[in-house]
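Readers should treat all values here as calculations from the given coordinates under stated rules, not as data from a laboratory. As the structure is a computational prediction, the values presented were derived from the model and not from experiment. Cβ atoms come from the backbone with ideal geometry, glycine included; neighbour counts cover every protein chain shown.
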Amino acid sequence: MIVPVVVLVVVVWRDWISALIIAGTLPLIPLFMALIGAATRDRMDRQVRTLQRLAGHFLDVVAGLPTLKVFGRAKAQAAAVREISERYRVTALATLRVTFLSSLILELVATVSVALVAVTIGLRLMSGSLDLRTALFVLVLAPEAYLPLRQLGANYHASAEGMAAAEQAFAVLEKPLQSHGTRGDVPDPAVAGITVDRLRVAYPDRDRPVLDGVSLTVEPGEVLAVTGSSGCGKSTLLAVLLGLVEAEAGSVRVGGVDFADLDLAAWRTRLAWVPQRPYMFAASVAENIRLGCPDASGDQVRQAITAAGLADVVQRLPQGLDTILGDRGAGLSAGEQQRIALARAFLRDAPLLLLDEPTANLDGQTEREVLDAVRRLSHGRTVVLVAHRPALLALADRVVELADVGVAAW
Ligand SMILES: Nc1ncnc2c1ncn2[C@@H]1O[C@H](COP(=O)(O)OP(=O)(O)OP(=O)(O)O)[C@@H](O)[C@H]1O
Ligand SMILES: [Mg+2]
């Protein structure tokens, strides 16, 4: 912004005619830039989105290759991969074409403008109305006035792609957060009961609510088992208690305080959760267990491991606790991953434990060990346990059939 203005001022002082030409042609570059921008904006947006979608699709196909191979569909997917690659090539080259064409136009405008200055100087030199010194001075300086704008033009398309990507990021950032309260003094679930009253939960793309009119209470310090047929909404109920899914109607109260008024982050410090499909991170076993409790001592981690029936497993691992897991827990069996999730929850030492089928992948003996640990842990804590298996139900102080406590959707 400064250089073109300074050059213009200096040139005005030596040769006002050239200055006039420069001043007249300089705005052409931003003008063309705006015109090109307006013409290609939609196209750039579309291309950035297409490239992203193709990248995601490609990842999906590759991640699913073992399944496809077993079901004999790998060859068919080769065609899909070929097609994706082809579309990627076409889209990428279309983006490049726009970029090159628009840089060409901007460069052309700058070059023609400098040529205009040079030609008029040449003509005036020949007619003798301009001395050589001034002519050379202006000729050397003139391109400098255009240089910053040319650079701007060259980077313009990178910025257009950046804008398209930034807009998507902002669309996510600007989406209003789930409206939740700010009450930080969360009641302690170990001493305060949870009352669910005529809860209705619906997922946006489903026409029927999953839970409707569900009412139940969780007494402080009890182990409550929730059962029900597959797909009846047990995990959804836990998701509501976790603050991951918002209720459409009805209320959840914790020790008399409306759940909607609670500060979610403060509430979540009070609970530990073993999801139905636990997520493992590509980090060491110890780090995976320390997830909810990064400062836990080695002793505490070992205790959690024993409680979760994981001690033998850790011993068998090549580097013990420091063994690095693959993505999504590759290298561990489903039951081992589940026990890591249990150890995670045990280590967390939270007053409210939410367990979603915690022993689904375990054999009878390991299940009994884990159940003993859950029983020991449930002292002074509240546990909500989603369960099918009789061994788990036996652990509960009270069993609630979801279909009995509400108008279940099915
Ligand atoms: N994110 C979602 N979007 C749309 N529908 C969903 C979503 N999650 C779950 N559902 C639907 O909601 C219903 C209840 O799901 P939920 O996971 O709560 O069942 P569940 O009782 O835990 O079943 P299971 O015993 O098999 O774990 C199911 O019919 C499911 O298809
Ligand atoms: Mg479930």
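Along each of its three principal axes, how wide is the spread of alpha-carbon positions in region 2-172, in whole angstrom units, largest first?
The Cα atoms of region 2-172 stretch 86, 33, 22 Å along their principal axes.
Could you work out which residue, out of Ile305, Ile84, Ile194, moves most in a Gaussian network model of the chain, that is, has the largest mean-square fluctuation with Cα springs under 10 Å?
Ile84
Pick out, in residue order, every one of the chymotrypsin sites (Phe, Trp or Tyr not before Pro) in region 23-120 that is DSSP loop and has at most 12 other C-beta atoms within 10 Å; say none if there are none.
Phe71
Points 7 angstrom from Cα along the Cβ direction at Glu86 and Gln300: gap in nanometres?
Here the modelled spin labels are 5.8 nm apart.
Evaluate the relative contact order of region 2-172 (contact order divided by residue number), counting alpha-carbon pairs under 8 angstrom at least 6 apart; express in whole percent.
44 percent
Over region 231-286, one equal point on each Cα, no solvent: what is log10 I(q)/I(0) by the Debye formula at q = 0.16, 0.17, 0.30 Å⁻¹?
Debye curve over Cα of region 231-286, log10 I(q)/I(0) at q = 0.16, 0.17, 0.30 Å⁻¹: -0.61, -0.67, -1.37.
Any idea what angle helix 298-307 forms with the longest principal axis of the chain, computed on alpha-carbon atoms, 0 to 90 degrees, nearest 10?
Helix 298-307 sits roughly 50 degrees off the main axis of the chain.
Per residue, how much space in cubic angstrom lies within the convex hull of the C-alpha atoms of the chain?
Spelled out: Cα convex hull of the chain, divided by residues, is 236 Å³.
What ³J(HN,Hα) values, in whole Hz, does the Karplus curve 6.51 cos²θ - 1.76 cosθ + 1.60 give for region 361-375 when θ = phi - 60°, with x put for Gly and Pro?
After applying 6.51 cos²θ - 1.76 cosθ + 1.60, I find 9, 9, 7, x, 5, 5, 4, 4, 4, 5, 5, 4, 5, 4, 4 Hz.
Could you give P(r) for region 298-410, binned at 10 Å from zero, as whole percent values over all Cα-Cα pairs?
13, 43, 29, 12, 3, 0
Please compute the contact order of the chain in relative form: average sequence separation of alpha-carbon pairs under 8 Å and at least six residues apart, divided by the residue count, as a percent.
18 percent.
If you take every residue apart from Arg253 with its C-beta less than 11 Å away from the C-beta of Arg253, what net charge results, scoring Lys and Arg +1 and Asp and Glu -1?
On the way: positive: none; negative: Asp197, Asp258, Asp261.
So the environment of Arg253 carries a net charge of -3.
Which trypsin sites (Lys or Arg not before Pro) in region 131-234 pass both tests, a DSSP loop state and at most 15 other beta-carbon atoms within 10 Å?
Hits after loop and neighbour filter: Arg206.
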